[in-house]
Amino acid sequence: MTELIDIGDVIARSGLPATTLHVWERRGLIAVAGRRGIRRQYPADILDRLATIVVLKGAGFRLDEIAALLAPDAFDDGKHRLEAKILELQATRTRLDRAIDGLTHALECPNPVPLDCPGFQQHVADALPVSRNGERDAAPSGSADDSLGYSEMSRSAMFEK
């Protein structure tokens, strides 16, 4: 007989609340292997599965994308979903690094109004997705030459909030 783990043990060992497990179950990310009375029982590898889901969520995948990645045929047509996410995360890291550099400069700046400091202004000079004369950057979006690392998706998402 296959070892099953009670939902209480899964909660204790994963740190995830029961509500999260229930949602992930409804979304097809995890499956109950059985029940003992009214208590859900999970397969022995559930903690590995949960850890995988947590990592993918942390990387910015939506639950429907995670479900697709966890499907048995997920990589039959290649690893393009992973490659696209890596590019997206690299672009995010580039934007975050720029923000950290600018804010660090402002924090350490002796100027009484650090956001008006010429050094800070240099950090933000090319932060807009178009040049100051209204023309698009020459570098293709998301390329290594794109100083911000913005993809078209992240550019539009930036203004949706």
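Every number here is computed from the coordinates shown, using simple stated rules; none is lab data. These numbers come from a predicted model, not from an experiment. Note that each Cβ is placed from the backbone with ideal geometry, even for glycine, and that neighbours are counted across all protein chains shown.
A cut-off under 11 angstrom between Cβ atoms defines the neighbours of LEU47, and their net charge, with Lys, Arg +1 and Asp, Glu -1, is -1. Note that segment 1-84, at 37 °C in a medium of 0.692 mPa s, gets a Stokes-Einstein diffusion coefficient of 240 µm²/s from its Kirkwood radius over C-alpha pairs.
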